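The structure appears below as structure tokens.
The values are calculated or read from the model by the stated rules, or taken from the named source; none is laboratory data. All of these numbers come straight from a predicted model, not from anything done at the bench. Quick reminder, even Gly has a Cβ in these numbers, built from the backbone with ideal geometry, and neighbours come from all protein chains shown.
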Amino acid sequence: MRTEDGIDLFSKPAEPAPVEALGKPPRGLTDDGWVRTTGWLQVGDHPVSSVHVAALAGLLWALAGAAVLVQDFPVAAGVLVLATPVLFGFAWWLFIAWVRPASVARNVLAKRADELAPGDLVRLYGSIGPVAQVAEVSVSGDVGVTFQGGLQESWAPDRVVHVAELLS
């Protein structure tokens, strides 16, 4: 490991970062070791792309705008209905790909906190939100969970947590 004075050959190596299913570092990996995610909406085992949700929001806004414009400017109303969902979806895709990168994740199962093991990828805030990789679990009354990056949580043993899979 590199230090201010040079190289320390006896230091403990850095913890490995969470990885997605294909073995690459996830797109939404932060300096704190947790992963920003999309995919909070899931149908069965399939995450619904947040780009589609943004496009649907754009469609709803476009329909409201078109209802106002259709009497005086019917062509503009039609263009608005066609273009706005595409623009909303593309803008959201740019945001999650380049501005604030986020990985697509899906929940694969639910576990009790006392069943967690090092290496599990866990949603930090219920069934949605960022994912962190469990580094250490200690059970003594409450379950102490240490995540990679140093974040520590204390949960009741029967608390249900969502284990996720990173897809990008």
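Some observations on this one:
- If the condition is being closer than 30 Å to Asn107 by Cα and surrounded by fewer than 19 Cβ atoms within 10 Å (Cβ to Cβ), then region 52-71 contributes His52, Val53, Leu56, Ala57, Leu59, Leu60.
- All of Val104, Val137, Val81 fail the test of being touching a Leu at 6+ places or on another chain (Cβ under 8 Å) and modelled with pLDDT under 90, apart from Val104.
Here is a yes/no grid of residues against (1) closer than 30 Å to Thr84 by Cα; (2) touching a strand residue (DSSP E or B) at 6+ places or on another chain (Cβ under 8 Å); (3) at pLDDT 80 or above; (4) assigned by TED's automatic domain parsing to the domain that holds Ala83:
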| residue | (1), (2), (3), (4) |
| --- | --- |
| Arg2 | no, no, no, no |
| Glu20 | no, yes, no, no |
| Arg36 | yes, yes, yes, no |
| Ser50 | yes, yes, yes, yes |
| Val53 | yes, no, yes, yes |
| Leu56 | yes, no, yes, yes |
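- Within region 97-122, restricting attention to residues that are touching a residue at least 60 places away in the same chain (Cβ under 8 Å) and surrounded by 14 or more Cβ atoms within 10 Å (Cβ to Cβ), the residue that is nearest to Leu151 (Cα to Cα) is Leu121.
- Qualifying residue in region 48-61 (condition: within 26 Å of the chain's Cα centre (by Cα), without any contact (Cβ under 8 Å) to a residue 40 or more places away in the chain and not in a helix (DSSP H, G or I)): yes
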